[in-house]
């Protein structure tokens, strides 16, 4: 028996290309930190005067 072929390192080429484009454009990508969301969640809901 021979060894199985190596797993494809990029099994979802369309998704991977889309993710690369979104990262380059500064957009939110599933599974990656979202800086805008983190900034919004760190801001108090009510102003503190």
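The values are calculated or read from the model by the stated rules, or taken from the named source; none is laboratory data. Predicted model, so just to flag it, every value in this text is computed and none were measured. Cβ: placed from backbone, ideal geometry, glycine included. Neighbour counts: every protein chain shown.
Selection of segment 21-49 for residues being loosely packed, with under 10 Cβ neighbours inside 10 Å and part of a loop (DSSP other than H, G, I, E, B) yields 26, 30, 31, 33, 43, 44, 45, 46, 47, 48, 49. Annotation for segment 1-14: no member residue is out of contact with any helix residue (DSSP H, G or I) (no Cβ under 9 Å at 6 or more places or on another chain) and modelled with pLDDT of 85 or more.
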